[in-house]
Amino acid sequence: MKGTRLRRGARPLQRRKAAPDPARRARRREALARTGRIAGIGMLLVVVVGSAGYGVRYLTSPDTFPLQAVHFDSRLEKVRESDLRDALEGRLNAGFWGLDVEDIRNAIEDLSWVRDASVRRVWPGTLRITIREQEAVAIWNGEALMNPVGDLFSPDEATWPEGLPRLHGPDGRAYRVSERYREFDRAFGGTGKAVVAVSMDARESWQVTLDGGAEVKLGRQEVDARVQRFVRAWPAIQRRQSADLASADLRYPNGFALRWAQRGE
């Protein structure tokens, strides 16, 4: 074979290395730098999250910022102190910053005589609570109280105020019946008697009870006109009758039927 002969002691021929690619080296350096940055950010996040967790635990610790006082900014007449203590039981032990004010507010608003409440922290260690109590204007179906906007609530019956009008009607008609109670009470005021009860049945037929116990049936149609006719006639009726009224049926087209209480009734 013909070819190049190597002399004894001569070095074999070596292939010349290619010159380094500057762009490739730059990309490699950028990849290494990017990996380093990601690792650094990861370590920083670990430190920050760990520090934040420690900071939250520190700030919410009852020993760091203890709750010093609870103030009620409202004058309470129906909400009992014992009920408030029960509602707050176990909810005031987390320290000033650890308090769950929303949970505290919800627990207070669950009390029957509370209409709504607001709860706020006041630095450095006070919790201020404002309570708006329910106002009872009537008894609904003998089992609940009604407030001025027709909402129903059911406190302990032992706490019900005395002298409330008694309203009866189908479910969902509480506000309508309360409106008619106010209208009837004004109208029958012309007789010198107050309305103490109003009832509406499923057919929307009305009946009222006056103080003294007289029951007055009004029916479904021309109710206001019937009431006004009775009120206008009442002074003349009283002049002719000294007995107490026991009942009145105003559903007649041109008059009404009256029944008078007998002695001893």
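The values are calculated or read from the model by the stated rules, or taken from the named source; none is laboratory data. Bear in mind the structure is a predicted one, so any value in this text is a computation, not a measurement. We place every Cβ from the backbone using ideal geometry, glycine too, and count neighbours over all the protein chains shown.
Note down all Cβ pairs under 8 Å where the first residue falls in the range 134-151 and is free of Cβ contacts under 8 Å to residues at least 12 places away in the same chain, the second is of a type outside the set (D, E, K, R) and not in a loop (DSSP other than H, G, I, E, B), and they're at least six residues apart or on different chains.
Correct list of pairs: 144/152; 144/153.
Any residue at all in the range 246-260 that's among the hydrophobic types (A, V, I, L, M, F, W, C) and exposed (fewer than 12 other Cβ atoms within 10 Å of the Cβ)? Show your work before the answer.
If we filter the range 246-260 for residues that are among the hydrophobic types (A, V, I, L, M, F, W, C), which is where we start, we get 246, 248, 250, 256-258, 260.
Next, from what is left, pick out any that are exposed (fewer than 12 other Cβ atoms within 10 Å of the Cβ): 257.
Scanning the range 246-260, I find at least one residue that is among the hydrophobic types (A, V, I, L, M, F, W, C) and exposed (fewer than 12 other Cβ atoms within 10 Å of the Cβ), so the answer is yes.
Can you find even one residue in the range 194-217 that is assigned to a helix (DSSP H, G or I), of a type outside the set (A, V, I, L, M, F, W, C) and under 38 Å from the mean Cα position of the chain (by Cα)?
So the first thing to find is which residues in the range 194-217 are assigned to a helix (DSSP H, G or I), and the list is none.
No.
Here are some conditions: (1) modelled with pLDDT of 95 or more; (2) buried (at least 18 other Cβ atoms within 10 Å of the Cβ). Residue 205 meets all but one. Which one does it not meet?
(2)
Suppose we keep only residues that are closer than 30 Å to residue 201 by Cα and more than 20 Å from the chain's Cα centre (by Cα) within the range 84-141. Which one would you say is surrounded by the fewest Cβ atoms within 10 Å (Cβ to Cβ)?
141
Would you say residue 126 is touching a His at 6+ places or on another chain (Cβ under 8 Å), closer than 30 Å to residue 69 by Cβ and without any contact (Cβ under 8 Å) to a residue 60 or more places away in the chain?
Yes: the conditions hold for residue 126.
I'm trying to understand the selection: among the residues of the range 88-122, which are small (Gly, Ala, Ser) and over 14 Å from residue 133 (Cβ atoms)?
Keep residues of the range 88-122 that are small (Gly, Ala, Ser), which gives 90, 94-95, 98, 107, 112, 117-118.
If the condition is that a residue be small (Gly, Ala, Ser) and over 14 Å from residue 133 (Cβ atoms), then 90, 94, 95, 98, 107 are the ones that fit.
Could you grab me the full set of residues in the range 231-251 that are out of contact with any helix residue (DSSP H, G or I) (no Cβ under 7 Å at 6 or more places or on another chain), over 13 Å from residue 210 (Cα atoms) and among the hydrophobic types (A, V, I, L, M, F, W, C)?
Those that are out of contact with any helix residue (DSSP H, G or I) (no Cβ under 7 Å at 6 or more places or on another chain), over 13 Å from residue 210 (Cα atoms) and among the hydrophobic types (A, V, I, L, M, F, W, C): 233, 236, 237, 243.
For residue 175, only one of the following conditions fails: (1) surrounded by fewer than 12 Cβ atoms within 10 Å (Cβ to Cβ); (2) closer than 25 Å to residue 110 by Cα. What is its number?
Answer for residue 175: the failing condition is (1).
Which of the residues spanning the range 155-172 are under 20 Å from residue 199 (Cβ atoms) and exposed (fewer than 13 other Cβ atoms within 10 Å of the Cβ)? Before the answer, list the steps.
Step one: of the range 155-172, the residues under 20 Å from residue 199 (Cβ atoms) are 160, 163-172.
Within the range 155-172, 163, 171, 172 meet the criteria.
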